[in-house]
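S.K.: Let me begin by handing over the structure; questions about it come next.
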Amino acid sequence: MTDSHHLATCNDALLIVLRHPPHGSSWLREGIDVALVTAAFGREVELLFQGDGVFALLENQTTGALGQKGTHPQLMMLEMYDIERLWVSRTALTERGLTTDDLMLPVSVLDSDEIAALHAAHASSLIF
Amino acid sequence: MLSYALLVHAAPYSTQGSLSALRFAEAVVARGHAVKTVFFYRDGVHNASTLMAPPQDEVHLGERWRRLHATSQTELLVCVAAGLRRGLVNQAEAKRHDLAMHSVEPPFELTGLGQLVDAMLTHDRLITFAP
């Protein structure tokens, strides 16, 4: 089954769009919290990393100097919650000089028209 | 008739999001639809502060939410985890955490994120109001 086929058929899942980096605000943390709780309630969840949200997936993160907990431990829990469909914007990666080799989890990379199709295929989405 | 739920991320007064959510809710009701649930998350939890005291010539967001609850039976749900971090606690939570006072009172209710999942599943539409 190709990704594009899946885009068109999987519309019961909640799509959560993450657009913020791990540090500097709580957008990412509180977005992932919603993803984990939704999955814990038995609903299928997919994540789309866009803009600075792709930094969430960078390998070798630590909690850093800002006194924030960091979000990578949350991301390592995704599989346990059966959140396995992770989408990443190709534009966001390219703009930041990143490739999928820099990321800590396996992802599917989408072009902008595929992102539009992803949104069209999901009845509900939450943007963080 | 459609049943709506609103998700409010916006802090009161700092940005337009909270008042937009309120005006949207009032418009939905005026058109004969229902707003059954408003869920406050992130900085939106500050909408639930019982200590809010804006100048008299400004909109009182807390009062407007309470009026929406009184006239439309809208449940006003506040994420407990987001609230606790930001000092939005009801009497029970204040006692549990040994805090000297509380800042959230009915009709605002502290609940878990599970209620947001529930709202998404049970209403026809969920609309987000972010900063």
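Here, each number is a calculation from the coordinates, and none is a lab measurement. All values derive from a computational prediction rather than experimental measurement. Neighbour counts are summed over all protein chains in view; Cβ atoms, including those assigned to glycine, are modelled from backbone coordinates with ideal geometry.
S.K.: For the range A:51-63, check the following and say yes or no: at least one residue is among the β-branched types (V, I, T), over 12 Å from the mean Cα position of the chain (by Cα) and within 14 Å of chain B (Cβ to nearest Cβ).
M.R.: Residues of the range A:51-63 among the β-branched types (V, I, T): A:54, A:62-63.
Keeping just the survivors that are over 12 Å from the mean Cα position of the chain (by Cα) gives A:62-63.
Within this subset, residues satisfying the condition of being within 14 Å of chain B (Cβ to nearest Cβ) are none.
Scanning the range A:51-63 turns up no residue that is among the β-branched types (V, I, T), over 12 Å from the mean Cα position of the chain (by Cα) and within 14 Å of chain B (Cβ to nearest Cβ).
S.K.: Taking the range B:34-60 only, how many residues are within 19 Å of B:D118 (Cβ to Cβ) and assigned to a loop (DSSP other than H, G, I, E, B)? Can you show your working first?
M.R.: Looking only at the range B:34-60, we keep the residues that are within 19 Å of B:D118 (Cβ to Cβ), and these are B:34-42, B:44-45, B:48.
Add one more test, that the residue is assigned to a loop (DSSP other than H, G, I, E, B), and what stays is B:41.
Going through the range B:34-60 one residue at a time, the tally reaches 1.
S.K.: Considering B:L19, B:L68, which residue is away from chain A (no Cβ under 14 Å), in contact with an Asp or Glu (Cβ under 9 Å, 6 or more places away or on another chain) and closer than 30 Å to A:A123 by Cα?
M.R.: From the options B:L19, B:L68, the qualifying one is B:L68.
S.K.: Could you list, in sequence order, the residues of the range B:20-59 that are within 10 Å of the chain's Cα centre (by Cα) and not aliphatic (A, V, I, L, M)?
M.R.: Listed by number, the residues that qualify are B:T37, B:F39, B:F40, B:Y41, B:G44, B:H46, B:N47, B:S49.
S.K.: Restricting to the range B:94-118, count the residues that are in contact with a strand residue (DSSP E or B) (Cβ under 6 Å, 6 or more places away or on another chain) and more than 11 Å from chain A (Cβ to nearest Cβ).
M.R.: 5
S.K.: Taking the range B:120-131 on its own, how many of its residues are within 11 Å of chain A (Cβ to nearest Cβ), within 15 Å of B:E75 (Cα to Cα) and in a helix (DSSP H, G or I)?
M.R.: Total satisfying the criteria: 1.
S.K.: Quick one: in the range B:1-16, of everything that is hydrophobic (A, V, I, L, M, F, W, C) and assigned to a loop (DSSP other than H, G, I, E, B), which residue is farthest from the other protein chains (Cβ to nearest Cβ)?
M.R.: Looking at the filtered set, the residue picked out is B:M1.
S.K.: Right, next: Mind listing just one residue for me: the one in the range A:16-39 that is assigned to a helix (DSSP H, G or I) and more than 8 Å from chain B (Cβ to nearest Cβ) and, of those, surrounded by the most Cβ atoms within 10 Å (Cβ to Cβ)? Please lay out each step first, then the result.
M.R.: We begin by selecting, within the range A:16-39, every residue assigned to a helix (DSSP H, G or I); these are A:27-39.
Among the residues that remain, those that are also more than 8 Å from chain B (Cβ to nearest Cβ) are: A:28-29, A:31-32, A:35-36, A:39.
Working: A:L28: 26, A:R29: 18, A:G31: 24, A:I32: 22, A:A35: 24, A:L36: 17, A:A39: 21.
Out of the qualifying residues, it is A:L28.
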